[in-house]
Amino acid sequence: MAREDTPYPMLVVGASGVVEEANAAARALPGGARDVPAWLLRAHREHAGGEPDEPVFGPVGERVFEAYPVHDDGAGRVEWWLVDVTVRHRAAEALRAERDSLAAVVKASSELLSTLNLDRCLESVARLAVRHLAVAARVVLPRHGHRHVVACCDAGDGAVHRDLARDAGSMPGLAEALRGFPPVPPRWLDPAETPGWVTGDAPAGIGSVVVLALPGYGLPAGALILLRRSDSHGFTPFEELFAPLFAARAGTAISIARLYAEQAAITETLMADLLPPVVTHVDGVEVAGRYRAAGDSALVGGDFYDVHAVAGAGRRSLVVLGDVSGKGLEAAVLTGKIRNTLRALLPFADDHQWVLNRLNDVLLATVGPRYVTLVLAGVERRGGRVVLRLTSAGHPPPMIVRLDGRVQVARTRGTLIGLLEHVTSVTEEVLLEPGDTCLLYSDGVIEARGGPLGGEMFGDERLEAELRRCAGMPADALAERVQMLASQWAGGGERDDLAIVAIGVPREPPREGQI
């Protein structure tokens, strides 16, 4: 009677696997005690075969039991006692699901944040959604008006981007998800309610559709549409944990990528005005420039050059090469300010001293100590010759390379711009014959440190000696040669900003109207 009244189910299973005896608790189990559960029958046969006596567990109806063999009569007849472990089992399953969900989220987050490219980020969101939550996914990114960017991914396929001029109102729940605030719960839909532009080429057998909001940083990042085979309007326990965490990580990744794309676009727009021009001829005169900012990743720095085809009252052109104090972004900003100021002063470019004085006034009014060294070259073609008006303001003087190999240093000098209340300068007029070239350069050439000992400056004398070997070179080849010499001399050491402009007279007379 003790076994009959105990609250724990007890089954006596014979050698053939048939229940020979059961107490009241066992008879109260779903299905009674007529049949041995399959999982217990397998354990019974293993036990009879001499396996170690260890508890086993499995389901009985909606409950989970752990079974212990406590008596064996030696003839294959075993007494099994069952303990209800449903609560413990479900807690363990929930913990396992949470652990798996968190592991999946961590892995997904790593993949989502591995790129700052917005298109690739959308692709990753769509692929991961298909991997964990659906057979097809659509990531919708809001744009201006009714136009949206949609990344589509179906099971077994890569993500495809399409621009769709669709009204979010045609998809139930999409407009609310794109607004995103206040927090919007998942919106479950019947496939019949879903417009064709969403289902598209999705696999057949879609049972349900759900729309999830993707929260971003203070603003909604977009929406995720999941196409699922299950017709149940709900997630599995794993998905209940994974879906909101994934949506939050996806929204964060999209927000970061979108912000980066916007910043990159702004930077590119601003940078376009800071980069030096690309020119080859100005009024039949060869003009070649080379530019390199300090550092491997910088695009602009403190050195600059500009070529203006029309300046002053006559037919002269103006070439400007300068070196701003400092490096990096601050120097680049000042460079832009100086270049814009010089553009505004172009109508007065015939008077170099006046232009330098006005630029000096502008820099003196700038907050903080900022200065620049400049060399101005007014270029005027006279038949097959070129007349240069050269003015230096604290800058290394230009060098003229004659066709016969002579190198002359222009006799121009002046005070730098932006430090003193009054600036002085000396202008020299130089005549270039066919085959002659004038080289304007920043101190990034002559102050390049390197050489055999690693710390020696390239220097003016070495530059003059190298230029003698460049006699007769076209302007473009000469500029390329000087840049290469400075880079080779510096080797892998620290480099300064560098700007070079070569102004050359072609050996053959220019054709009329050549620009």
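Mind checking region 373-465 for GluC sites (Glu not before Pro) that DSSP puts in a loop (not H, G, I, E or B) and that have at most 14 other Cβ atoms within 10 Å?
Details: sites: Glu380, Glu421, Glu428, Glu429, Glu447, Glu456, Glu461, Glu464; in loops: Glu421, Glu447.
Listed in order of number, the matching sites are Glu421.
The trypsin sites (Lys or Arg not before Pro) found in region 394-440 that occupy coil by DSSP, while having at most 15 further C-beta atoms within 10 Å, are Arg406, Arg411.
With +1 on each Lys and Arg Cβ and -1 on each Asp and Glu Cβ, and nothing else charged, work out how big the dipole of the chain is about its Cα centre, in Debye to the nearest 20.
Working: 52 positive and 66 negative charges, 333 e Å.
Rounded to the nearest 20 debye, it is 1600 debye.
Quick one: pull the percentage of alpha-carbon pairs in region 160-240 with a separation above 22 Å. Looking at region 160-240, the distances longer than 22 Å represent 26 percent of pairs. Expressed as a whole percent, the proportion of Cα-Cα pairs in region 334-422 lying more than 22 Å apart is 33%. The convex hull built on the alpha-carbon positions of the chain has an orientation-averaged projected area of 41.3 nm². Dividing the summed helix terms, -39500 (n - 2.57) for each DSSP H run of n ≥ 4, by the number of residues in the chain produces a 222 nm estimate of -10000 deg cm²/dmol to the nearest 500. How far is helix 352-364 tilted, in degrees, relative to the longest principal axis of the Cα atoms in the chain, given as a value from 0 to 90 rounded to the nearest 10? The angle comes out near 40 degrees. Please go through region 197-255 and write out the chymotrypsin sites (Phe, Trp or Tyr not before Pro) that DSSP classes as loop and that have at most 15 other C-beta atoms within 10 Å. When the chymotrypsin sites (Phe, Trp or Tyr not before Pro) of region 197-255 are filtered for loop state and at most 15 Cβ neighbours within 10 Å, Tyr217 remain.
Count Lys and Arg as plus one, Asp and Glu as minus one, and take only other residues whose Cβ is under 11 Å from that of Arg90; the net charge is then +1.
Any number yet on Rg/Rh for region 199-350, C-alpha, Kirkwood?
Numbers: Rg = 27.4 Å, Rh = 20.7 Å.
Rg/Rh for region 199-350 comes to 1.33.
Ordering of 344-353, 223-232 by packing is 223-232, 344-353, highest average first (other Cβ atoms within 10 Å, averaged per residue).
Note on region 436-477: percent of Cα-Cα distances in each 5 Å bin, starting at 0 and stopping at the bin with the largest distance, equals 5, 19, 27, 24, 14, 8, 2. Set against the 2.2 N^0.38 Å expectation for a compact globular protein, region 280-338 has a Cα radius of gyration ratio of 1.32.
Rounded to the nearest angstrom and listed largest first, the equivalent-ellipsoid semi-axes of region 357-469 from its Cα gyration tensor are 27, 23, 9. Per residue, the solvent-accessible area of the chain (1.4 Å probe, heavy atoms of protein chains only, all protein chains present) comes to 49 Å².
The values are calculated or read from the model by the stated rules, or taken from the named source; none is laboratory data. Here the structure is a predicted model, which means the values were calculated and not measured. For neighbour counting, all protein chains shown are included, and Cβ atoms are generated from backbone atoms with ideal geometry for every residue, glycine included. Surface accessibility is based on the protein's heavy atoms, side chains included, excluding ligands, DNA and RNA. Shrake-Rupley method; radii C 1.70, N 1.55, O 1.52, S 1.80 Å.
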